[in-house]
Structure formats: C-alpha cells, structure tokens
1. For n ≥ 4 DSSP H runs only, could you compute -39500 (n - 2.57) per run for the chain, divide by its residues and tell me the 222 nm figure to the nearest 500?
2. Taking the alpha carbon gyration tensor of the chain, what are the square roots of 5 times its eigenvalues, largest first, to the nearest whole Å?
3. For segment 1-125, with only Lys/Arg (+1) and Asp/Glu (-1) charged at the beta-carbon, what is the dipole magnitude about the Cα centre, in debye rounded to 20?
4. At a Förster radius of 35 Å, what calculated FRET efficiency corresponds to the Cβ-Cβ distance of residue 120 and residue 34, to the nearest 0.05?
5. Distances longer than 15 Å among the Cα atoms of segment 61-141: what percent of all pairs is that?
Amino acid sequence: DVERFYEDHLLDFAEELRVEAEALDTLVQLRDAEIRRGVVTNTPTFLARDVLAWAGLIGLVDVTVGAGDGVASKPAPDMILHASQALEVQPAEVLLVGDSVFDERAAKSAKVRFLGFRTSSPPSVQRLGDVVRLVGARART
C-alpha cells in the first residue's frame, strides 16, 4: 500500500529533503512566546509528522493537519478550521504562513490572516525569522 511504502522509504530520500534554516529557531521563539503552532498541509498527515520528526521539529508543533484527516484539502478552508479548533483559537486569531496560492486561497476562505513565505504577492516575508518579529509586533499593539 502507498502509505506503507512512503513510511518505509521516506528516509531513503532524506538527502532530497531541505529544512528551512530558520525553522527550528522560529518555532522555539513562537513556543517561548506561548503562541500556538500548527502545520496544515496537503501532504498525508502520517508523512508530514514523519518529516517533522526527521527534521527535529515535531515537538515544536502543537497540531498537524494533513490529507487523510477526513477534511477537505487546501484550497478549501477545512484544514485550517480543523487546526484552529484543535488549537482552541478562533479563526480571527490565526495567522497562516504559507508558500502557495492554495495556502492563500484557503486562508481567505477560512477568514484567517495570511502571510506569504517567499511569495510574490504581499504580504510576504523572505525569512521565517520575520514571522516572529511580525507576530510579536502585532501582539504588542
């Protein structure tokens, strides 16, 4: 079965996986600021969790919502709303950081704020560290 193959062979392709350099530090800073963190991905949940574990990030994420969780994939809003509920936060409190038009459309449909990561349309950041700065500034206002 496909899921079993992915799970058995994911690390065979580890050299192809790239972890964003600032991911660990960004998630630690957000955690230390007591900001809840989630991953919302069209990747199957089991595989997303395996990748997060391989990257050493799984313990820094409060919830992972992916394909196969019984919710419609992005650009539908369902995954974001599911994560919001699991995190016990209102959609108005959510900031979705995403790198695709599907992320942006899902955020708009879910009525959550969107911040592009290396996207061409604003608002967008080029570095994950900028997310911490922006979230911190918003929390102070």
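1. Computed ellipticity for the chain at 222 nm equals -12500 deg cm²/dmol.
2. Ellipsoid semi-axes (Å, largest first): 24, 18, 15.
3. On the way: 12 positive and 21 negative charges, 130 e Å.
Here the size comes out at about 620 debye.
4. 0.60
5. Working: 1866 of 3240 pairs.
Of all Cα-Cα distances in segment 61-141, 58 percent exceed 15 Å.
All of the numbers you see were taken from the coordinates with simple rules; none came from a lab. Just so it is clear, the model here is predicted, and its values are computed rather than measured. Note that we place each Cβ from the backbone using ideal geometry, even for glycine, and neighbour counts take in every protein chain shown.
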